[in-house]
1. Please arrange GLU22, GLU85 by how many other C-beta atoms lie within 10 Å of their C-beta, fewest to most.
2. Using Cβ contacts closer than 10 Å as the measure, can you line up PHE99, PHE109 from fewest to most?
3. Ranked by Cβ crowding within 10 angstrom, fewest neighbours first, how are THR44, THR29, THR88 ordered?
4. Which net charge results when you count Lys and Arg as +1 and Asp and Glu as -1 among the other residues whose beta-carbon is under 10 Å from that of ASP32?
5. Relative to the longest principal axis of the C-alpha atoms of the chain, give the angle of the C-alpha long axis of helix 52-69, reported between 0 and 90° and rounded to the nearest 10°.
6. Which residue, HIS42, HIS71, HIS89, tops the fluctuation ranking in a GNM of the chain built on C-alpha contacts under 10 Å?
7. Using only Cα atoms, tell me the angle between helix 96-114 and the longest principal axis of the chain; keep it within 0 to 90° and round to the nearest 10.
8. Would you mind telling me which residue in PRO18, PRO73, PRO50 has the biggest mean-square fluctuation in a Gaussian network model of the chain, where springs connect alpha carbons within a distance under 10 angstrom?
Amino acid sequence: MAKLSEQHCEPCRGGIPPLKGEQILQLHTQLDGGWEVVDEHHLTKTFPFPDFLRGLAFVNAVAAVAEAAGHHPDVFLAWGRVRLEIYTHKIDGLHLADFVLAAKCEDTFRGLIQS
């Protein structure tokens with residue numbers, strides 16, 4: 001199976017149960033460190049930045065990734081940090097697409113801090 005970040009983010013259309021237990025654990029272990037699974041409902045991670053402008057640049061880059069995927073995280077921007085929360089609203093819980101988007105956001109972060 002391809003790395004999560006290399007998979008196509010296929011948005012959930014609803015009508016299925018959210019992921020639970022072992023399904024979540026298997027996908028969570030494929031993400032970079034720092035991602036938390038909260039109540040088997042959503043993923044969250046806070047990304048550190050040395051200033052507001054670089055955090056804003058990350059938010060804008062994540063917005064482009066989200067638009068391309070058709071799947072959008074909740075984004076919280078503050079000086080020195082950006083927190084993402086990801087879950088599938090249609091099923092009010094976690095879906096494979098959430099983990100794919102998280103991995104793509106992680107790749108975006110790495111790309112920004114390496115440039």
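Read-outs: derived from the displayed coordinates by stated rules, not from any lab. Note that the coordinates shown come from a computational prediction; the quantities given were computed from them, not determined experimentally. Methodologically, a virtual Cβ is constructed for each residue, glycine included, from the backbone with ideal geometry; neighbour enumeration extends over all protein chains shown.
1. Numbers: GLU22 8, GLU85 16.
With the sparsest Cβ surroundings first, the list reads GLU22, GLU85.
2. Ranked by crowding around the Cβ, least crowded first: PHE109, PHE99.
3. Arranged by neighbour count, lowest to highest, THR44, THR29, THR88 become THR29, THR44, THR88.
4. Values: positive: LYS45, ARG110; negative: GLU106, ASP107.
Around ASP32, the surrounding residues sum to 0.
5. 30
6. Sorting by GNM fluctuation, first place goes to HIS89.
7. For helix 96-114, the angle is close to 20 degrees.
8. Per the Cα network of the chain with a 10 Å cutoff, PRO50 tops the list.
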